[in-house]
Amino acid sequence: VIITSALIEDKLLLIGSYKRTEEQPPEQFKIEIPKIPAYFTGTGDLTTALLLGWSNKYPDNLEKAAELAVSSLQALLRRTVEDYKRAGFDPASSSLEIRLIQSQDEIRNPRVTCNAMKYK
């Protein structure tokens, strides 16, 4: 189970919970995500797609899949904001169309910038 977009102060929180086997207790983790001061369209669908893609590649490591998905999305959103600023637009003033095609490298090979932390 993954819960995204819980807003805590100036950060978004992704929370994950899973069981490796029926015999083991559930494990939980969280990822704190810096909030980018802009509004984007399509981030929910993209988050789901990235989580599914990385979960397929790492089926036994939900934390890693979530870290890669979040890091990909953060890089893409930062690129989107920078592109709008360079074009003379205020990213906080309207809904931004994400730069999906321009961010292919960040999607395929993200640099992990948001790490999962286990709940104890």
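The values are calculated or read from the model by the stated rules, or taken from the named source; none is laboratory data. Here the structure is a predicted model, which is why all the values come from computation and not from measurement. Quick reminder, even Gly has a Cβ in these numbers, built from the backbone with ideal geometry, and neighbours come from all protein chains shown.
List pairs: first residue in the range 33-53 and within 12 Å of Val70 (Cβ to Cβ) and in contact (Cβ under 8 Å) with a residue 12 or more places away in the chain, second residue surrounded by 13 or more Cβ atoms within 10 Å (Cβ to Cβ) and hydroxyl-bearing (Ser, Thr, Tyr) anywhere in the structure, Cβ distance under 8 angstrom, at least six positions apart or on different chains.
Thr47/Thr4; Leu50/Ser72
Return the pair list, or none, for Cβ contacts closer than 8 Å from residues in the range 65-78 that are touching a residue at least 60 places away in the same chain (Cβ under 8 Å) and in a helix (DSSP H, G or I) to residues that are among the β-branched types (Val, Ile, Thr) and surrounded by 22 or more Cβ atoms within 10 Å (Cβ to Cβ), at least 6 apart or on different chains.
Ala66/Ile31
Can you tell me which of Thr80, Thr41, Thr47 is in contact with a Ser or Thr (Cβ under 7 Å, 6 or more places away or on another chain) and modelled with pLDDT of 90 or more?
That would be Thr47, the only listed residue that is in contact with a Ser or Thr (Cβ under 7 Å, 6 or more places away or on another chain) and modelled with pLDDT of 90 or more.
Is it true that some residue in the range 17-31 is modelled with pLDDT of 90 or more, under 17 Å from the mean Cα position of the chain (by Cα), closer than 14 Å to Ser5 by Cα and outside any helix (DSSP H, G or I)?
So far as the range 17-31 goes, yes, one or more of its residues are modelled with pLDDT of 90 or more, under 17 Å from the mean Cα position of the chain (by Cα), closer than 14 Å to Ser5 by Cα and outside any helix (DSSP H, G or I).
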